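Inspection log for the structure reproduced underneath, given as structure tokens.
Please treat every number below as a calculation from the coordinates, not as lab data. Keep in mind that what you see is a predicted model, and the values were worked out from it rather than measured. Quick reminder, even Gly has a Cβ in these numbers, built from the backbone with ideal geometry, and neighbours come from all protein chains shown.
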């Protein structure tokens with residue numbers, strides 16, 4: 001016998017309180033309530049069938065305002081009632097409460113969950129709602145300037161946007177609802193968005209050794225939160241290991257590759273549920289870094305589905321980040337994070353949905369990093385002194401021509417250097433085809449080469465050439 005599911009519920013006999021179950025089905029994906037079956041789904045029969053066949057539809061219409069299909073069924077000589085409930089586009093309440101079917105249980109929606117439900121039913125999102133009390137004059141003009149500059153550099157905004165006023169940018173991003181600004185405008189451009197949305201900030205804590213040793217709270221507009229969070233993580237909370245690859249350039253290796261962490265922080269701020277009064281929290285542990293965030297994931301979301309259509313929880317915020325070139329709009333964030341970790345030789349990150357709607361992203365450190373940095377969780381002195389100055393490196397000797405190298409050579413870097421030297425005008429797409437990487441992977445290696453001073457770009461990004469130094 002098929003057990004109760006998201007769309008099936010069994011009851012031995014009818015009670016008026018089961019109108020709440022019908023309400024829950026109508027607010028979710030619809031379902032079937034069967035009267036006259038036990039908890040195992042076996043038909044036990046029901047009394048006063050004809051009376052119930054008249055009373056149930058009338059009560060549903062009077063108390064819920066909807067119409068359901070009520071059918072009389074029989075099995076093994078016993079009769080039972082089947083109530084078929086269709087999903088409704090409008091929110092349905094029973095005695096002033098909004099019920100919702102989730103899995104095989106019924107919930108009463110309250111607080112932030114009720115807010116999300118009502119917005120979804122009306123085709124709105126949290127960041128698209130008007131916010132009284134915030135004026136355009138309170139927004140930070142410097143953030144607008146940075147937004148315009150990044151958008152033009154990314155070629156996702158026309159050059160004439162540099163002449164636009166702040167009001168023009170608001171209109172371009174559709175961040176106004178009549179005379180009022182939308183919530184997204186405050187999060188993107190207000191210098192203190194936590195004043196208008198409790199929890200709109202990032203908390204970073206150092207938990208090496210098991211206890212909280214020190215912490216920081218990062219506030220400001222969302223663009224600033226991204227930059228400050230990354231700066232703190234890579235100058236105060238983690239240590240870089242210095243090694244030499246291919247005897248060509250020096251490399252700083254951090255426990256989590258910066259491109260992966262940047263993508264993760266941006267995704268956390270874009271997709272978080274700001275209706276919940278909790279902050280985005282980043283824990284730096286002995287052997288991993290965890291990012292915890294209130295997030296309402298799509299019902300069909302799975303971490304392995306790297307090619308899913310992009311469905312941001314805050315589409316207005318996501319659109320602004322897309323215009324700056326900081327994100328794509330193809331639902332590839334998980335794949336990019338995983339690829340950046342793999343390219344750096346790190347274990348794959350994991351995503352876990354925790355109770356209370358909290359999504360935890362965990363970046364485990366590589367064994368090589370733990371060994372070189374001073375051991376794993378068994379190290380007695382690991383992380384006993386806060387690193388408060390810019391990146392404190394742990395230097396490994398540079399390998400000579402007859403000595404073993406401190407790190408394994410990376411053939412991809414050699415191939416890219418060779419291609420740039422023989423074909424200075426080669427495109428990143430062509431390099432990706434030649435070496436068997438994604439374009440994003442090529443961008444990552446080229447950025448590392450440039451940062452190390454091994455190559456430079458001569459001329460414009462479109463018509464210029466590469467020079468190997």
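From a point 7 Å beyond the Cα of residue 32 in the direction of its Cβ, which residues of the range 41-74 have a backbone N at a distance under 14 Å?
Answer for this model: 41-43, 69-74.
Mind running the shape call on the range 14-55? Use the C-alpha gyration tensor, a ≥ b ≥ c as the square roots of the eigenvalues: rounded below 1.5 for a/c, prolate if a/b tops b/c, oblate otherwise. Don't jump to the answer; show the numbers that get you there.
Details: a/c = 2.40, a/b = 1.33, b/c = 1.80.
In terms of gyration-tensor shape, oblate.
How high is the FRET efficiency from residue 82 to residue 288, r the C-beta distance, R0 41 Å, rounded to 0.05?
0.20
Between residue 13 and residue 102, what length in nm is gained on full extension when 0.36 nm per residue of separation is reduced by their alpha carbon distance? Mind showing how you got there, number by number?
On the way: separation 89, 0.36 × 89 = 32.04 nm, distance 2.23 nm.
Once the chain is fully extended between residue 13 and residue 102, it gains 29.8 nm.
Rounded to the nearest 0.05, what FRET efficiency do residue 422 and residue 460 give with R0 = 25 Å and r taken as the Cβ-Cβ distance? Could you check?
0.70
For the range 121-268, rounded, prolate or oblate, judged on the Cα gyration tensor with a ≥ b ≥ c (square roots of eigenvalues), a/c < 1.5 rounded, else prolate if a/b > b/c? If you can, show how the numbers build up before the last one.
Working: a/c = 2.72, a/b = 1.59, b/c = 1.71.
Oblate, because a/c is 1.5 or more while a/b does not exceed b/c.
Using a 10 Å cut-off on Cβ atoms, rank the peptides 44-54, 416-426 from the highest mean neighbour count down.
Details: 44-54: 13.4, 416-426: 15.9.
Result, highest mean first: 416-426, 44-54.
What's the center-to-center distance, using Cα atoms, between the range 99-163 and the range 16-73 in Å?
39 Å
What does the highest-first list of 160-167, 109-116 look like by mean Cβ count within 10 Å? Don't jump to the answer; show the numbers that get you there.
On the way: 160-167: 12.9, 109-116: 16.1.
By packing density, highest mean first, the sequence is 109-116, 160-167.
Among 285-294, 194-203, how do they line up by average Cβ neighbours within 10 Å per residue, starting with the highest? Please list the in-between numbers first.
Working: 285-294: 20.3, 194-203: 18.4.
Top of the packing list down: 285-294, 194-203.
From Cα pairs below 8 angstrom and at least 6 apart in sequence, can you work out the relative contact order of the range 128-195, rounded to a whole percent?
Normalised by residue count, the contact order of the range 128-195 is 50 percent.
Please find the FRET efficiency linking residue 145 to residue 242, where r is the Cβ-Cβ separation and R0 is fixed at 45 Å, and quote it to the nearest 0.05. If you can, show how the numbers build up before the last one.
Numbers: r = 36 Å, r/R0 = 0.80.
So the FRET efficiency works out to roughly 0.80.
Classify the range 128-195 from the C-alpha gyration tensor, please: rounded if a/c falls under 1.5, else prolate or oblate depending on whether a/b exceeds b/c. Intermediate results must be reported in sequence, preceding the final value.
Numbers: a/c = 2.17, a/b = 1.69, b/c = 1.28.
Prolate, since a/c reaches 1.5 and a/b exceeds b/c.
Relative to the present Cα-Cα distance, how much length would full extension add between residue 216 and residue 6 at 0.36 nm per residue of separation?
On the way: separation 210, 0.36 × 210 = 75.60 nm, distance 4.22 nm.
Full-extension gain reported as 71.4 nm.
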